[in-house]
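This report refers to the structure that appears directly beneath it.
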Amino acid sequence: MGREIEHVPYGYEPPAEKRKGTLVYYDSFEHTTDEELKAAAQAALDKSFSKLVLYPLHEETVRRMSRQPVSSYYKREDRLHEWKREQGASGITVENLEGKRKKYTPIDSALRHLTERYPAPHFLYLTPETANLFASFSSFEEWIKKLRLLLTEAPQSPHPRLDKFRHRWSVAGEESGKVQ
């Protein structure tokens, strides 16, 4: 392997990277509209994330979490890929871990995979319903210390654990730095 020599003036320091971190949109995407996807992409731009990861849940995962009927995984994934092509954005990724597994994936396994694969800091973009579900899991307190939540809107009645860690989440679209 050849090396390329790069000449720089004495004292030169490379500019700090302006974009960093990952925003993960963790959802079934069954009823998600294009406007909601655009809002997530805009939140990623506003907060200067280097990557927006769309994480569609497998049917079995949705059934175990919310017991709601959902269309097949590949249809929802294809819709996300189509939306991504329309946007033409390079910083958007559709994660296919659950499509490869083809079965129920616990949120702990999904978060472990996401935090190992994508650059930190990690933020989860969730609906209030999904945030309340996540807060109901026993591992919530362990995960909320490692990542932050960005909610689509303020929850009407937050789960007690979600309320306890109010300082670790905010609502998208509110002023930067202001915590709900």
Notebook entry, point to check: Where the only charges are on Cβ atoms (+1 Lys, Arg; -1 Asp, Glu), what is the dipole of the range 5-60 about its Cα centre, to the nearest 20 debye?
Noted result: 420 debye
Notebook entry, point to check: What is the packing order of peptides 78-88, 119-129, taking the mean over residues of other C-beta atoms within 10 Å and listing the highest first?
Noted result: 119-129, 78-88
Item checked: Charged-residue dipole, Cβ positions (Lys, Arg, Asp, Glu), the range 23-167 about Cα centre, Debye nearest 20 -> 480 debye
Next item on the list: Once you have a ≥ b ≥ c as the square roots of the Cα gyration tensor eigenvalues for the range 110-180, tell me rounded if a/c is under 1.5, and otherwise prolate or oblate according to whether a/b is larger than b/c.
Entry: oblate
Check: If you project the alpha carbons of the range 23-167 onto the principal axes, what extent comes out on each, in Å, largest first?
Finding: 40, 33, 30
Margin query: For Cα pairs less than 8 Å apart in space and 6+ apart in sequence, what is the mean separation divided by the residue count of the range 23-167, i.e. the relative contact order in percent?
Written below: 25 percent
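No lab work stands behind these numbers, since they all come straight from the coordinates. Keep in mind that what you see is a predicted model, and the values were worked out from it rather than measured. Please note: Cβ atoms are built from the backbone with ideal geometry, for glycine as well, and neighbour counts cover all protein chains shown.
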